[in-house]
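See structure below.
The values are calculated or read from the model by the stated rules, or taken from the named source; none is laboratory data. In this text the structure is predicted, and so the values were computed from the model without any measurement. Neighbour counts run over all protein chains shown; Cβ positions are idealised from the backbone, glycine included.
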């Protein structure tokens with residue numbers, strides 16, 4: 001006779017302790033067991049299992065021992081999204097705090113490396129024009145545009161923007177400058193809010209003594225937590241697994257040739273990327289009937305008009321045992337759960353998922369120039385990585401440009417952002433070649449005949465005003481206005497000088 005419970009305990013000691021919420025024994029086991037990210041037979045880490053079962057104490061212990069709160073499961077749901085689905089505000093707040101803490105520490109660890117890559121690349125100034133378009137004429141007319149202005153000098157970087165994001169069919173606007181300054185002993189990032197006349201300064205270094213202060217600073221407000229628990233869980237991502245690139249054709253049938261266009265003064269080959277899928281999924285099992293009605297009712301007439309066929313997935317009717325709990329509604333036993341040969345079929349732990357999914361296929365377009373002097377990998381990708389930390393538009397652009405693209409620099413890219421919205425990104429005015437920029441000048445070549453070549457290639461190298469990376473035109477006042485001792489982020493106000 002084989003005791004399946006004993007086998008499960010030996011094979012998955014952390015998971016088994018989590019299953020029974022034996023958090024004191026779990027902490028002892030974690031002191032000698034470093035495999036905190038091991039997956040159980042159902043594909044869950046110990047932390048994800050604790051969250052799905054609603055075991056707050058085990059979740060807290062695992063997070064203290066550096067379990068990954070940003071883990072994404074096989075269904076592409078994060079630990080935080082699973083925590084929200086439980087409807088437990090304390091559990092959700094705890095996971096959200098550690099998720100933000102991990103993001104902050106990874107950001108602090110990663111930015112100096114990105115700035116080091118920038119230091120090794122040639123200096124440049126470039127403008128990234130973002131144009132938002134839609135296949136719906138009425139929407140296309142109200143879509144905004146923005147120009148991200150980028151200065152790169154040594155290990156210093158400045159990015160100016162006026163468009164902050166897009167949420168619930170509403171554009172978020174504001175004048176911001178992001179300044180990254182790398183030095184010998186670390187780096188500093190400055191976020192300049194020109195509308196509120198405030199500068200946020202953050203040193204990009206974290207010692208072990210700073211970690212508790214940073215974790216405490218990441219505690220979300222009760223309002224933030226309540227908003228998550230009363231709103232649908234929404235996930236949007238680009239599915240590029242089956243993507244294919246092909247050259248666009250021009251001309252009439254019989255005399256067709258591969259299409260090329262001039263973009264910002266550079267000859268570019270035009271490619272289409274097919275089989276690009278935009279997948280939007282929404283879960284509502286944690287919402288009350290009132291919250292579900294409200295989330296449906298807040299749709300604007302425009303959203304209703306633009307509605308795409310949705311697929312609603314609800315749990316199949318399954319016999320529920322009298323001994324079932326809200327987090328184990330079909331009363332799965334530990335022996336059943338940890339036995340890889342046992343078929344759970346439609347049964348599972350956690351609340352039964354109520355899922356709505358939308359899938360729309362798009363065709364992305366790229367204009368690639370092999371004559372463009374910028375390097376995508378060395379000069380542009382580190383900037384997009386920096387901006388993607390806090391900007392969803394740049395995150396989607398990064399996901400796309402990290403694919404194996406055809407040869408050449410993407411002087412223009414058109415990709416889908418949302419199910420009715422495309423983004424067209426154009427790189428232009430390299431080193432102030434097309435339109436003069438007051439803070440940028442090019443080194444004058446010795447021979448006049450070389451002027452145009454230097455102008456187009458930036459081979460002479462741009463010269464920047466030193467104030468460019470000191471929030472040009474502003475005087476800093478009242479440093480550390482709102483920071484408390486041990487805080488990582490400081491706040492300053494400024495006035496026009």
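Among the residues of region 323-377, those that are within 30 Å of residue 295 (Cα to Cα) and touching a strand residue (DSSP E or B) at 6+ places or on another chain (Cβ under 7 Å) comprise 349, 353, 354, 355, 356, 357, 358, 359, 360, 361, 362. In region 88-111 there is no residue matching the filter, namely being at pLDDT below 90 and within 30 Å of residue 263 (Cβ to Cβ). In region 214-233, the count of residues that are surrounded by 16 or more Cβ atoms within 10 Å (Cβ to Cβ) and assigned to a strand (DSSP E or B) is one or more. Taken together, the residues in region 16-56 that are assigned to a loop (DSSP other than H, G, I, E, B), surrounded by 21 or more Cβ atoms within 10 Å (Cβ to Cβ) and in contact with a helix residue (DSSP H, G or I) (Cβ under 6 Å, 6 or more places away or on another chain) amount to 2.
Listed by first and then second residue, the pairs with beta-carbon distance under 9 Å, at least 6 apart or on different chains, first residue in region 19-44 and in contact (Cβ under 8 Å) with a residue 40 or more places away in the chain and on the phi > 0 side of the Ramachandran plot, second assigned to a loop (DSSP other than H, G, I, E, B) and surrounded by fewer than 16 Cβ atoms within 10 Å (Cβ to Cβ), form an empty list. From the set of residues in region 242-265 that are in a loop (DSSP other than H, G, I, E, B) and in contact (Cβ under 8 Å) with a residue 12 or more places away in the chain, which is nearest to residue 424 (Cα to Cα)? Per the criteria, the residue is 264.
Here residue 132 does not fit the description of being touching a helix residue (DSSP H, G or I) at 6+ places or on another chain (Cβ under 7 Å) and touching a residue at least 24 places away in the same chain (Cβ under 8 Å). For residue 119, the conditions (1) over 21 Å from residue 395 (Cα atoms); (2) without any contact (Cβ under 8 Å) to a residue 40 or more places away in the chain; (3) part of a helix (DSSP H, G or I) are fulfilled apart from (2).
Scan region 355-366 and tell me whether some residue there is assigned to a helix (DSSP H, G or I), modelled with pLDDT under 90 and under 27 Å from residue 249 (Cβ atoms). No: zero hits. Is one or more of the residues making up region 78-95 without any contact (Cβ under 8 Å) to a residue 60 or more places away in the chain, assigned to a loop (DSSP other than H, G, I, E, B), out of contact with any strand residue (DSSP E or B) (no Cβ under 8 Å at 6 or more places or on another chain) and closer than 21 Å to residue 353 by Cβ? Within region 78-95, one or more residues are without any contact (Cβ under 8 Å) to a residue 60 or more places away in the chain, assigned to a loop (DSSP other than H, G, I, E, B), out of contact with any strand residue (DSSP E or B) (no Cβ under 8 Å at 6 or more places or on another chain) and closer than 21 Å to residue 353 by Cβ. Applying the set (1) modelled with pLDDT under 75; (2) in contact with a helix residue (DSSP H, G or I) (Cβ under 7 Å, 6 or more places away or on another chain); (3) assigned to a loop (DSSP other than H, G, I, E, B) to residue 208 leaves exactly one unmet item: (2). Close contacts from region 141-155, counting a first residue that is on the phi < 0 side of the Ramachandran plot and a second that is modelled with pLDDT of 85 or more and assigned to a loop (DSSP other than H, G, I, E, B), with Cβ to Cβ under 7 Å and a gap of 6+ residues or different chains, come to 152/123; 153/123.
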